[in-house]
Structure formats: C-alpha cells, structure tokens
Amino acid sequence: MADEKKGAADKAPATEANAPDAANEALQQGAGLRVLAQFMRDFSFENPRAPDSLRGEKAPKIDMDVELAARNRTDGLFEVDLKLTVSALRETEVVFHVEALYGGLFQIEGIPEAEMEAVLLIECPRYLFPFVRRIVADITAEGGFPPFRIDPIDFAGIYMARRAEGAVGKTVTPIEKA
C-alpha cells in the first residue's frame, strides 16, 4: 500500500508545496541539465582597516545574504546568478566585506514548464555554490583572515520562503534581444 501512495505522489502535478521535489524527480527521470559555463560576473573584497583589523581580540559578527536570479535566453539556454554578500563587523566597524556575483550558463531539456522555475532557482545554484564558496574562502584568507567557509545553503528552503512571500515568479525573466 505504501508503494501505491508513493506512485500516486510521483505522478501528482507540481504544486507550491511539492515544486522542489517535483523538479528533483524530473531531473532524476532523464531530463537533462548541463552546465555549459561558469563565470564570475562581479566581485568585490574590502578590508578597509587592514592591518589593524587582522589583530582583533574578538570574533566579528558575520552577516550574509543570498540572492538568486535566472533569465531565459533567446538561444534557448538559461543564465542563473548566485549573489553572496558577506560582511564581518566588530562593533560598528567593517572588518571585511565580500560581494560575489557568480553565474552559470545552463542547457535544460525535458523539464515541464511548471517545474522549470524550481530547477533554475534550486538545482542550478546547487551546482554553482561550491565554486563561489571556495572563492570566498580563498579571498578572505588572502585578505589575512582565516578562510570564511560558508555553510551549505538550503536553496529549496530559500525558494519556498520566497515563493510564500510572492517574490518567486518575478525572478525568472526573459533576456531581451539586443
């Protein structure tokens, strides 16, 4: 009986509640997702109080923000951007500040339209994240600090939270022809 329920759930249409699971299921059942290119679109590292900031007695407070954006291209491919902003503060002084806008070019085939947004905003950032994570760790180390290693990010959780806020749906936009 458990198998009957599972089979019925697998065939259910994507809804707000199961969109991440449906997207993951579609990828596992033969739909294609290829990473054609990865690139740093924009990057900034600030260490405004060096070398004094390197001798701090107490650990700084870290604030991090994650932004996702996806665009349809006129050639049938998709661009996905993952923006990470990390700020380290002691009291009110900036210790370091990193902004990384890391992008990827994806070829996606066999995904139903109802599940495409979830693939673009969950699965694609999962491919990009390890690379931008390493870049942030490397630059903080090069800036004189211990490497800042970002914990894994729950992209499905971010997607569901933004969907609940009504923010998703506006994130995937077509790219205009030049």
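Tabulated data for the structure shown
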| read-out | value |
| --- | --- |
| Residue identified as in contact with a strand residue (DSSP E or B) (Cβ under 9 Å, 6 or more places away or on another chain), among the β-branched types (Val, Ile, Thr) and modelled with pLDDT of 95 or more among Val66, Val95, Val132 | Val132 |
| Whichever residue in the stretch 73-88 is surrounded by fewer than 17 Cβ atoms within 10 Å (Cβ to Cβ) and touching an Asp or Glu at 6+ places or on another chain (Cβ under 7 Å) and, among such residues, is nearest to Phe155 (Cα to Cα) | Thr85 |
| Complete set of residues in the stretch 29-58 that are in contact with a Gly (Cβ under 7 Å, 6 or more places away or on another chain) and either in a helix (DSSP H, G or I) or hydroxyl-bearing (Ser, Thr, Tyr) (or both) | Leu54 |
| Considering residues of the stretch 115-152 that are surrounded by fewer than 20 Cβ atoms within 10 Å (Cβ to Cβ) and among the small types (Gly, Ala, Ser) only, the residue nearest to Glu67 (Cα to Cα) | Ala137 |
| Qualifying residue in the stretch 16-32 (condition: modelled with pLDDT of 85 or more, buried (at least 16 other Cβ atoms within 10 Å of the Cβ) and in contact with a strand residue (DSSP E or B) (Cβ under 7 Å, 6 or more places away or on another chain)) | no |
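The values are calculated or read from the model by the stated rules, or taken from the named source; none is laboratory data. As the structure is a prediction and not an experimental result, all values here were calculated from the model. Methodologically, a virtual Cβ is constructed for each residue, glycine included, from the backbone with ideal geometry; neighbour enumeration extends over all protein chains shown.
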